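First comes the structure, then the notes that go with it.
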Amino acid sequence: MKVSLLTLLFVSTLRLGAADRPNIIVFYTDDHGYADLSAQGIMPDVKTPNVDALVKSGVRMVHGYSTAPQCVPSRGGLMTGRFQSRFGLEGNGSSLDGFNQETTIAQRLQSAGYVTAQFGKWHLGDTAEITRHGFKHVFAQNSGGTFNANITVDGKDVPMGSRRPELYHIEGCSRAAAALVERYKDQPFFLYVAFRAPHVPLDAPQKYLDRFPGKMPQRRRQALAMLSAVDDGVGLITTTLKKHHLTEKTLIFFVGDNGAPLKITKADKPGGGAGWDGSLNDPLNGEKGMLSEGGMHVPFVVSWPGTIPGGQVYPHPVSTLDVAATATALAAITVPRGALDGVNLIPFLSGANPAPPHDVLCWRWAAQAAIREGDWKLLRGGDREYLYNLKNDLEEKHNVAAQDPELAQRLRERLRAWTMELQPTGLAVGKMAPTWMDYYDFYLEGKPVKPRRDADEEDDEKPAAAARRAKQPDFQGWQVRNGELSVKDGSLLVSTAKGRDARPSFLTHAQLELAGPLTATVTFKTVTDGKFNLSWRRQGDKEFSPTNAVSFAAAASSEWQTTEISVPVQGTLIHLRLNLPGGTTVIREIQFKTAGGKVVSLWK
């Protein structure tokens, strides 16, 4: 209640009328490590001058936090202003039923007369349905493929439907957002600009790669290039604000959704697919998928020139949950008590309230949970427990739980009490998957571990998928998605996953270098009539294109069948997928023959 009274006093002091309500822009980056803003002063190779300008005109949060170390739940928390496990959105594989019943920040602002627009990555359901969640305009481009939108890149209205990209996805989102600033310069607006960067697939055009010459891992170059494109987008939009004298009328947040995935070794794999995304979390310990600092302590900048004094380095913890609370307070929207978990940050950042915004911050993600109270943080991963003083040990290198068991117990009980408000209740949801056990061993225990195989990018590290993959060995480079893979009598045996949410199985093989055109030979048995679909990604391709695919029919039979099919690859094939008919499929041989007669066996 104390914070609420201060908030009301502050808003009253500003005398915000309908015409004075600020525009609000949220830039949201994807798998963006803490180190990778040049204003952080950590890595010398990153170049983000336009975001640095926001820092200069506003506040850099030293301790800015996301609500989860993974994409979907962190976005659910941001959009609703409520910790996402209150409505059952625990992880990427969770049902969206609870989210669909929540009121989003866009719905609240739209009801108050704001023009609302979403750009880029949504990841909270069907992008054609984004308007149901309060966004008038949608431009959901996040790759080089088709995407749903109801505006053009120039901000003109079109019927909601699938559109082909005109620009690189980061550029397209930036230009469409700037176009809406032009269009609605005389009305309050809320823009949610969710760049899919530097999340894999790494797909920066050459002009951005050229900005980062010299020797470095190629994945690092790609991440820096994608973030440079993001920075250009921030510059385009802030320049458009300045053009229309809207700089001091616009509150801007720039925040990351979670930490960078390092995959422990930061392997510089060829291509831009699954694996390390090239971003860095230094000096924080851990990575995406952990409630250590490296997993959810993110880049976090707030700027509102004329209201928030510029050049601040804010020392107290803040959360992405605060975005919705701040926006609704400034828009003078009445929100029921307890409907939001964040606080209005403006009194704190303006200097009106010198106290920390939060007495405590709490997290739970799958089998992990954490609480931060002042400088103290208690972290749980399954049955493991760690206590850190982040003032002295931001890198989480020194577990002092044994030295101060009373403090650990008090924080644990406070954390446990908070988790009883969640759906489901409790400190953990299930057991720690083997992948996260490895991460805790490596980062927090200092044990050497061999990292497990990566997921394809569309899996985005769902806990269930990660646990399933972790149990599977390497089958000469082949991996299965949405199924189980084993060897029987020297043949690959693929069993389709079962259950309500099961998707069709496919085999995938990355890190190839096969010069096309090719001829493929597949010898197989299947229990289901249907077809095989073979698709590929070439060197330089951003993603799998529907045009880079061939199919052949399969008849259910207990006898071996051999099919030879032309694969018209132009260039070098680096990544292969083989979609299967369903049920159980047994593959005895897969080989490719080049135009020059060279035979490459991928299974025999």
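Descriptive notes on the structure:
- Think of region 483-604 as a dipole: +1 on every Lys or Arg Cβ, -1 on every Asp or Glu Cβ, centred on the Cα centre; then among Ser557, Phe532, Leu573, Leu573 lies furthest on the positive end.
- In this rough spin-label picture, where each label sits 7 Å from Cα along the Cβ direction, the Gln476-Asp186 distance is 7.0 nm.
- Crossing angle, helix 218-243 versus the chain [Cα axis fit, 0-90 degrees, rounded to tens]: 40 degrees
- In the chain, the longest principal axis of the Cα atoms and the axis of helix 321-330 are about 40 degrees apart.
- Sulfur and carbon atoms: percent of accessible area, region 306-430 [1.4 Å]: 50 percent
- For region 526-579, a simple Cβ point-charge model (Lys and Arg +1, Asp and Glu -1, everything else neutral) yields a dipole of about 260 debye relative to the Cα centre.
- Candidate values [x] 25.9, 92; [y] 24.8, 81; [z] 26.4, 80 were compared with Rg and Dmax of the Cα atoms in Å computed on the shown model; the agreeing label is [y].
- Only one residue of Gly582, Gly430, Leu485 has its Cα farthest out toward the positive end of the dipole of the chain, where Lys and Arg carry +1 and Asp and Glu -1 on Cβ, and that residue is Gly582.
- Ordering 287-293, 217-223, 84-90 by mean Cβ neighbour count within 10 Å, with the highest value first, yields 287-293, 84-90, 217-223.
- Listed residues Leu167, Ala369, Gln206: farthest to the positive end of the dipole of the chain (Cβ charges): Leu167
- Three-way shape label, region 76-228, alpha-carbon gyration tensor, a/c 1.5: oblate
- This model, with +1 at the C-beta of Lys and Arg and -1 at the C-beta of Asp and Glu, gives the chain a dipole about its Cα centre of some 460 debye.
- Ellipticity estimate at 222 nm from DSSP helix runs (n ≥ 4, -39,500 (n - 2.57)) divided over the chain, nearest 500: -6500 deg cm²/dmol
- Within straight-line cross-link reach of Lys377, aspartates and glutamates at Cα separation under 16 Å, skipping those fewer than 8 residues along the same chain: Glu293, Asp359, Glu385, Asp393, Glu395, Glu396, Asp404, Glu406, Glu413
- Degrees, to the nearest 10: 405-419 long Cα axis against longest axis of the chain: 80 degrees
- Note that region 562-604 presents 46 Å² accessible area per residue, ligands and nucleic acids not counted, probe 1.4 Å.
- Region 296-437, dipole about Cα centre (Lys/Arg Cβ +1, Asp/Glu Cβ -1), debye to the nearest 20: 240 debye
The values are calculated or read from the model by the stated rules, or taken from the named source; none is laboratory data. Keep in mind the model is a prediction, meaning the values are calculated, not measured. Backbone-built Cβ (ideal geometry, glycine too); neighbour counts: all protein chains shown. SASA here: full protein model, heavy atoms, side chains in, ligands and nucleic acids out. Shrake-Rupley method; radii C 1.70, N 1.55, O 1.52, S 1.80 Å.
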